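Read through the structure below, which is laid out as structure tokens, and then see the notes.
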Amino acid sequence: MIKKVLIANRGEIAIRIAKSCKKLGIKTVGVFSKDDSASLHLTYCDESYLLGDDPLKGSYLNTEKLIEISKKYSVDAIHPGYGFLSENSGFVKELNKEKIIFIGPSHKAIELMGDKIESKKIAKKAGVNCIPGYEHAIKNVKEGLNEANKIGYPVMIKASAGGGGKGMRIAKDKNEFEELLTAAKNEALNAFGDDRVFIEKYIEKPRHIEMQILADNHGNIIWLGERECSIQRRHQKIIEEAPSSFIDNVTRVKMGEQAISLAREVNYSSAGTVEFVVDQKQNFYFLEMNTRLQVEHPVTELVTGIDLVEEMIHIADNKKLKIKQNDVKVQGWAFESRLCAESPKKNFLPSAGRLVNINYPVGDIRVDNGYQSGGEVSIYYDSLLAKIISKGKDRNDALSKMQIALSDVAVEGIETNLDFLMDIYKKEAFAKGAINTNFIAEIYDNGYEGKIDNKKEQESIIESIFPDGLLDKTLFRPQMKGNVQMTSEKGEGYHSHNPFKLVAYDCLEEYLQTKDPNKLIEAVMHDISILQGRVIEDPESWDPSSMEGDEIIDITILSMAHIGTYNELLDKVTPPTVVWSSINYWRSYLTFKRAAFNASEAQKFLERCFLRLGGSLIPSIIPVADGAFTEEERKYREMKSA
């Protein structure tokens with residue numbers, strides 16, 4: 001029986017595994033390199049031990065040290081997480097010799113599925129759909145050109161021992177084949193110590209859809225539904241969802257059955273993932289099998305309610321699967337966003353350094369994080385900081401929750417892909433599910449330019465659009481209680497006594513995307529008028545150009561009288577760190593409720609405001625706002641009559 005588990009990993013996945021172990025009453029042993037001596041994952045483990053000074057080979061890849069610690073401290077089993085030694089068959093063999101349980105598949109299954117050439121042969125034997133291609137390693141350019149001509153361009157050159165996008169190239173014609181073949185072989189050799197590559201037909205506009213399976217040591221195998229992983233940069237996933245919005249149930253069942261056939265062919269046990277490439281007609285072809293826990297496993301857990309880590313531990317403990325295929329029910333929809341320390345504006349160049357501050361979303365959102373404020377992001381490890389996972393009743397609901405969750409994230413000290421993730425979710429094509437693995441290359445064909453960070457440029461844009469002095473005429477008003485702060489999506493604060501200017505900054509995002517001054521004016525007038533009590537029968541069709549300049553100033557003054565009251569109430573129900581935009585949303589709710597006299601419609605409007613302005617939904621706002629409604633109505637009428 002497994003009573004103590006050593007987690008041979010770091011970061012968010014080590015924490016994730018430790019949580020499941022704790023739920024099962026299993027003691028955990030954390031390990032770390034010298035660089036990771038203050039790593040967050042160690043605080044989740046019952047014991048922790050130093051592996052060595054070297055960040056990789058002398059620590060997380062040091063099999064001898066891992067076994068030494070396991071034996072010394074009576075460890076029953078080792079969970080490898082993903083990466084590092086998770087698919088190292090030699091490590092599994094060593095553990096078998098020492099009678100230490102490996103929480104994962106057998107060394108034989110890892111070997112067979114780890115070789116891309118051999119795994120394709122096995123897949124064919126198991127009756128799994130395979131992409132047309134040459135099943136042997138390419139010996140030289142002449143042989144490669146000959147086989148490529150038989151297959152037909154474009155072709156994909158892939159490393160036999162590859163993974164994570166390493167050693168992969170797409171050759172569109174024979175003229176570029178030789179150069180790309182050489183590049184793929186060199187990259188494969190550097191990454192895996194194995195320069196063997198093979199070629200296969202490249203599927204145009206492919207989708208990356210994978211099937212999660214669970215298999216025990218007693219011949220029981222089930223599939224848990226698919227994950228869509230088509231949003232990738234440099235062949236590496238950054239957004240995943242479950243289920244896929246593309247395939248129908250007939251395709252889904254066939255995919256699941258073929259995944260089981262492959263697993264049975266190699267006598268597989270543990271959690272595993274069979275990856276497929278899917279064309280525009282829902283034809284699917286075997287890509288590879290990952291013999292480990294996937295980074296994106298949380299979306300499957302959320303829609304099925306099955307703890308995959310827990311099941312892996314039970315299987316390693318030689319227990320039978322209690323879950324039958326008919327028990328697996330996919331309910332709702334889930335998205336995962338990988339928050340990474342990298343700069344999309346610099347071709348995803350990794351960013352390292354101290355995390356001065358990092359805030360994660362709260363509420364009905366799952367966050368698998370590996371860092372906290374003050375943590376050090378090293379150049380030696382994967383750039384993943386955290387995974388933000390949302391679940392909704394359907395795709396639109398899960399998407400909406402993800403957008404709100406990402407707007408609650410703030411990172412200071414290093415560059416991240418946060419803005420890039422948010423931008424992807426806003427794209428119409430993504431919202432419609434019109435995606436493929438080339439999505440980023442096609443939508444951002446000139447790269448991701450990011451947001452304009454220069455506050456002086458923002459200020460000059462606003463001042464040039466609005467009439468002289470309009471933004472400053474309310475500065476003298478006494479109703480305002482001190483400075484207020486609005487926090488943008490990036491977490492950068494703007495300070496002003498002028499709420500109109502603050503809302504203008506909030507709406508500036510829209511203008512910066514289009515460079516159309518009319519769009520900014522429309523956004524500002526629309527938001528200000530609704531936020532400050534203008535009764536509008538149809539907010540969607542209202543024409544902001546109908547407002548006069550004096551009326552705009554009146555509305556701005558009205559907003560200032562509201563701010564003091566709302567600040568006082570907010571302090572009673574939320575932490576002092578509540579962003580300024582939350583005040584706007586609360587006022588939006590009250591004003592719309594006042595105008596429409598319909599609480600449910602007001603709440604829907606409030607949700608739209610959150611998504612538009614990028615703020616954070618604080619659940620306590622709604623009941624407190626409802627309780628204050630009568631008093632606010634009285635004050636509002638007094639101000640209007642005055």
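The values are calculated or read from the model by the stated rules, or taken from the named source; none is laboratory data. Keep in mind that what you see is a predicted model, and the values were worked out from it rather than measured. No Cβ is skipped: glycine too gets one built from the backbone with ideal geometry, and neighbour counts run over all protein chains shown. Surface areas here come from the heavy atoms of the whole protein model, side chains and all, with no ligands, DNA or RNA. Shrake-Rupley method; radii C 1.70, N 1.55, O 1.52, S 1.80 Å.
A few comments on the model shown:
- Shape of segment 306-409 from the C-alpha gyration tensor: oblate (a/c of 1.5 or more and a/b not above b/c, with a ≥ b ≥ c the square roots of its eigenvalues).
- When peptides 286-292, 94-100 are ranked by their average number of other Cβ atoms within 10 Å per residue, the highest-first order is 286-292, 94-100.
- Relative contact order of segment 120-274: 23 percent, from C-alpha pairs under 8 Å at least 6 residues apart in sequence.
- Expected-Rg normalisation [2.2 N^0.38 Å, Cα atoms] applied to segment 95-155: 1.59
- Full extension of the chain segment joining S373 with D53 gains 112.8 nm, where the gain is 0.36 nm per residue of separation less the Cα-Cα distance.
- Computed over protein heavy atoms with a 1.4 Å probe, the accessible surface of segment 64-219 works out to 45 Å² per residue.
- The distance linking segment 72-92 with segment 1-51 is 12 Å (Cα centroid to Cα centroid, whole angstrom).
- Computed magnitude of the charge dipole of segment 111-172 (debye, nearest 20; Cβ of K, R +1, Cβ of D, E -1): 180 debye
- Per-selection Rg to Rh, segment 146-192 - Cα, Kirkwood hydrodynamic radius: 0.98
- On the principal axes of its alpha-carbon atoms, segment 152-269 has extents of 47, 32, 28 Å, going from largest to smallest.
- Take K158: with every protein chain present and a 1.4 Å probe, its accessible area is about 20 Å².
- In nm, spacing of pseudo-spin labels at D194 and K174 (7 Å Cα→C-beta vector): 3.1 nm
- q = 0.15, 0.26 Å⁻¹, segment 283-348: log10 I(q)/I(0) [Debye, one scatterer per Cα]: -0.73, -1.22
- Pairs from K254/K320; K120/K142; K172/K432; K116/K166; K346/K391; K120/K281 whose Cα-Cα separation, in the structure shown, is over 20 Å: K254/K320; K120/K142; K172/K432; K346/K391; K120/K281
- Projecting the Cα atoms of Y444, I424, S400 onto the charge dipole of segment 338-452, computed from C-beta unit charges around the Cα centre, puts S400 farthest toward the positive end.
- Evaluated on segment 174-213, the Kirkwood hydrodynamic radius is 12.4 Å, with distances taken between all distinct Cα atoms.
- Subtracting the Cα-Cα distance of Q325 and Y73 from 0.36 nm times their residue separation leaves 86.9 nm of extension gain.
- A simple rule links phi to the HN-Hα coupling: the Karplus curve 6.51 cos²θ - 1.76 cosθ + 1.60 with θ = phi - 60°, which for segment 18-24 gives 4, 5, 5, 4, 4, 4, 8 Hz, with x for Gly and Pro.
- Our summary gives segment 86-186 a relative contact order of 18 percent, counting only alpha carbon pairs under 8 angstrom and 6 or more residues apart.
- Long-range HN-HN contacts of L385 with modeled amide H, under 5 Å: L339, C340, A341
- Under the Karplus curve 6.51 cos²θ - 1.76 cosθ + 1.60, θ = phi - 60°, whole-Hz ³J(HN,Hα) for segment 385-393, x wherever Gly or Pro sits: 8, 6, 10, 9, 10, 10, 9, x, 5
- Highest average first, the peptides 67-78, 263-274, 349-360 ordered by how many other beta carbon atoms sit within 10 Å of their residues are 263-274, 67-78, 349-360.
- For segment 312-321, 3J(HN,Hα) computed residue by residue from phi via the Karplus equation (6.51, -1.76, 1.60; θ = phi - 60°) reads 4, 5, 4, 5, 5, 7, 6, 8, 7, 5 Hz, glycine and proline entered as x.
- Set the Cα radius of gyration of segment 1-104 against 2.2 N^0.38 Å, with N its number of residues, and you get 0.95.
- Taken about its Cα centre, segment 206-333 carries a charge dipole of roughly 140 debye when the Cβ of each Lys and Arg holds +1 and the Cβ of each Asp and Glu holds -1.
- Backbone amide hydrogens, once placed in the peptide plane, bring V31 within less than 5 Å of I7, N9, Y49, excluding anything fewer than 5 places away on its chain.
- Computed with a 1.4 Å probe over protein heavy atoms only, the accessible surface of segment 314-436 comes to 44 Å² per residue.
- Cα-based shape type of segment 351-433, given that a ≥ b ≥ c are square roots of the gyration tensor eigenvalues and the cut on a/c is 1.5: prolate
- Set K23/K387; K65/K99; K205/K237; K124/K319; K3/K23 screened for pairs whose C-alpha atoms are more than 19 Å apart: K23/K387; K124/K319
- Using alpha carbons only, the radius of gyration of segment 76-206 set against its Kirkwood radius gives Rg/Rh = 1.05.
- Protection-proxy order for peptides 19-27, 106-114, each taking the mean of Cβ atoms within 10 Å per residue, highest first: 106-114, 19-27
- Rg over Rh for segment 187-236 works out to 1.11, using Cα positions for both radii and the Kirkwood form for Rh.
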